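Q: Got a structure here, written out as structure tokens. Questions coming.
The values are calculated or read from the model by the stated rules, or taken from the named source; none is laboratory data. None of these values were measured; they are calculated from a predicted model. No Cβ is skipped: glycine too gets one built from the backbone with ideal geometry, and neighbour counts run over all protein chains shown.
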Amino acid sequence: DSREPQHSSSTEPEAPASGRTLWHGRFGEPPSDALMAFTESLSFDQRLWPDDIAGSRAHVRGLARTGIISDLERDQVIDALDVVAGELDGGRFVFAPSDEDIHTAVERRVTELAGPAGAKLHTGRSRNDQVATDLRLWCKRELRLIAERVIALQQVLLDRADAAGQIYLPGYTHLQRAQPVLLAHHLLAHGWSLGRQVERIFDALVRIDVSPLGAGALAGSSLPLDPDATAADLGFARRFENSLDAGGSRDHVAEALFVLTLIGLDLARIGEEWVLWTTDEFGFARLDDGYATGSSMLPQKKNPDIAELARGKGGRLIGDLTGFLATMKGLPLSYNRDYQEDKEPLFDAVDQVRRALGAITGMISTATFVPERMQAAADAEASSATDLAELLVQRGMPFRDSHSIVGALVRESLRGERSLRALVLEHPALGPDAAMLVAPGVSVTRRITAGGAGPIPVAVQLERFRASVAALRARI
Ligand code: ARG
């Protein structure tokens with residue numbers, strides 16, 4: 001029974017055994033401890049095991065299809081791969097000190113289990129095309145999951161925007177109050193940006209969805225392999241076009257890191273905003289207890305740690321991206337061991353972005369908005385200055401002149417003797433109709449153009465956003 005553990009040394013002297021590297025044949029001495037400690041990647045590439053098993057299944061089926069191994073040998077290896085998958089999944093897999101990486105570990109164990117058939121698994125394959133295949137499979141799965149989570153955050157923004165109705169708050173430029181905007185408009189601004197990141201994930205996936213299997217170490221093979229067939233077997237859209245490029249490029253990893261970083265930076269912006277909104281000074285929102293933290297010393301504190309960490313992780317994600325770009329720079333064709341450095345930044349970026357998305361989504365969905373504070377801040381009289389200037393334009397005045405008149409009135413009102421409203425009322429070019437524009441809640445209703453911040457265009461925008469989220473979801 002090929003499922004029973006078996007020691008390859010008793011049946012096949014050349015098969016890798018525990019304690020040996022995959023490449024021991026060329027070497028008279030065993031590897032030094034220092035070499036193994038420095039070059040191993042098992043400590044971080046273990047998580048590739050489902051993809052490594054999938055890649056090996058496809059490879060061994062391909063070997064059998066072209067007659068390089070028998071159907072019986074194929075079945076023995078597939079059975080062994082099933083056992084190994086079960087052991088890894090159940091946490092029962094015993095790693096050997098010579099397991100440099102997950103690829104070595106799986107092959108060693110398959111050979112222990114399947115004997116001579118197991119020793120044929122790596123025929124026509126190199127760890128160079130193997131690891132490239134594994135990582136592309138991993139990226140396809142994980143980036144889709146990230147896209148799903150981004151869409152879940154978009155949905156929360158949409159739900160909260162829907163429920164926000166006519167609530168408005170100041171819109172800012174330079175973090176100075178500029179013009180009032182509907183809260184829905186503000187929330188959807190982040191939603192649209194996140195939607196572009198989902199589109200970028202789909203774009204990146206087009207280039208990620210290419211099988212490198214069959215490229216060998218760098219140049220292909222003398223054996224009758226069929227890279228198109230293994231690509232199809234693994235669910236890739238197509239195979240590599242050039243074997244040097246297949247194992248010797250990682251621009252798709254850099255692209256994935258870039259998209260992840262952009263998502264992280266969107267979350268960092270949202271985080272910064274919520275740090276401000278939850279201060280006593282702004283007071284625009286209150287966090288749910290489950291999404292805030294306390295102070296070890298100051299009993300009264302309620303801190304927005306999720307928002308702050310979302311902001312802080314932006315730096316780390318930029319580091320993951322730029323660090324790996326620096327690793328890639330100037331590497332000659334094709335595979336270089338430097339590429340092993342692709343995994344930790346990529347895994348870190350995916351982990352951090354996934355957790356940040358979960359936390360920020362929960363924080364926003366459970367927080368309470370404080371419309372009174374938002375609207376009081378937005379109802380500062382000067383917020384309607386542009387509306388006043390535009391009213392004069394509608395009465396035939398050149399905008400540069402009306403801008404100057406209203407600017408002077410604002411300056412006058414800031415002296416504190418008379419309100420802007422009073423000054424507007426008595427100004428010969430303005431008067432009572434103009435004074436009505438200074439009243440609370442009026443300004444935001446004046447933003448009527450397509451894509452603008454007022455109730456009329458925002459109602460349209462909400463429906464367009466809803467449709468765009470549904471379209472992204474349908475593409476997952
Ligand atoms: N652990 C290696 C990596 O991540 C696998 C490929 C090793 N290839 C080699 N020629 N040493 O890149």
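Q: Any idea which of (1) more than 30 Å from I69 (Cβ to Cβ); (2) buried (at least 18 other Cβ atoms within 10 Å of the Cβ) is the one S249 doesn't satisfy?
A: (1)
Q: So is R239 within 19 Å of L153 (Cβ to Cβ) and either free of Cβ contacts under 8 Å to residues at least 60 places away in the same chain or more than 16 Å from the ligand (Cβ to nearest atom) (or both) or not?
A: no
Q: Look at T111 and say whether it is touching a residue at least 60 places away in the same chain (Cβ under 8 Å), within 16 Å of the ligand (Cβ to nearest atom) and not acidic (D, E).
A: no
Q: Suppose we filter F347, F369 for residues that are farther than 30 Å from G323 by Cα and within 32 Å of the chain's Cα centre (by Cα); which single one remains?
A: Among F347, F369, only F369 is farther than 30 Å from G323 by Cα and within 32 Å of the chain's Cα centre (by Cα).
Q: Can I ask one more? Name the residues in segment 275-319 that are closer than 23 Å to Y172 by Cα and at pLDDT below 95, would you?
A: Listed by number, the list is empty, since nothing qualifies.
Q: Got at least one residue in segment 90-103 being within 16 Å of the ligand (Cβ to nearest atom) and assigned to a helix (DSSP H, G or I)?
A: Checked against the condition, which is being within 16 Å of the ligand (Cβ to nearest atom) and assigned to a helix (DSSP H, G or I), segment 90-103 yields at least one hit.
Q: Between residues in segment 341-359 that are under 18 Å from T293 (Cβ atoms) and residues that are away from the ligand (no atom under 11 Å from the Cβ) and part of a helix (DSSP H, G or I), which pairs lie under 7 Å by C-beta distance while being six or more apart or on different chains?
A: A356/G264; A356/L267; A356/A310; A356/K313; G358/R149; A359/I306
Q: Which residues, taken from segment 163-221, are farther than 27 Å from R57 by Cα and part of a loop (DSSP other than H, G, I, E, B)?
A: Residues satisfying the conditions are G165, Q166, I167, H174, L175.
Q: Of all residues in segment 114-150, which are away from the ligand (no atom under 15 Å from the Cβ), closer than 23 Å to E87 by Cα and part of a loop (DSSP other than H, G, I, E, B)?
A: The one that is away from the ligand (no atom under 15 Å from the Cβ), closer than 23 Å to E87 by Cα and part of a loop (DSSP other than H, G, I, E, B): L121.
Q: Within segment 279-301, can you find the residues that are in a loop (DSSP other than H, G, I, E, B), touching a residue at least 24 places away in the same chain (Cβ under 8 Å) and over 26 Å from the mean Cα position of the chain (by Cα)?
A: F282, G283, F284
Q: Another question about this same structure. Does V444 satisfy the criteria of being hydrophobic (A, V, I, L, M, F, W, C), closer than 19 Å to G171 by Cβ and over 44 Å from the mean Cα position of the chain (by Cα)?
A: The answer is no for V444.
Q: Need the failing condition index for P224 against (1) part of a strand (DSSP E or B); (2) farther than 30 Å from Q461 by Cα, just the number.
A: With respect to (1) part of a strand (DSSP E or B); (2) farther than 30 Å from Q461 by Cα, P224 is out only on (1).
Q: Then there is this: Go through segment 363-388 and count every residue that is part of a helix (DSSP H, G or I), buried (at least 16 other Cβ atoms within 10 Å of the Cβ) and among the acidic types (D, E).
A: Number of matching residues: 2.
Q: Which one of these does R109 not meet: (1) out of contact with any Phe, Trp or Tyr (no Cβ under 8 Å at 6 or more places or on another chain); (2) in a helix (DSSP H, G or I); (3) buried (at least 24 other Cβ atoms within 10 Å of the Cβ)?
A: Going through (1) out of contact with any Phe, Trp or Tyr (no Cβ under 8 Å at 6 or more places or on another chain); (2) in a helix (DSSP H, G or I); (3) buried (at least 24 other Cβ atoms within 10 Å of the Cβ) one by one, R109 breaks only (1).
Q: Another question about this same structure. Find the residue count for segment 323-356, including only residues that are over 26 Å from W49 (Cβ atoms) and either surrounded by 14 or more Cβ atoms within 10 Å (Cβ to Cβ) or among the acidic types (D, E) (or both).
A: The total comes to 2.
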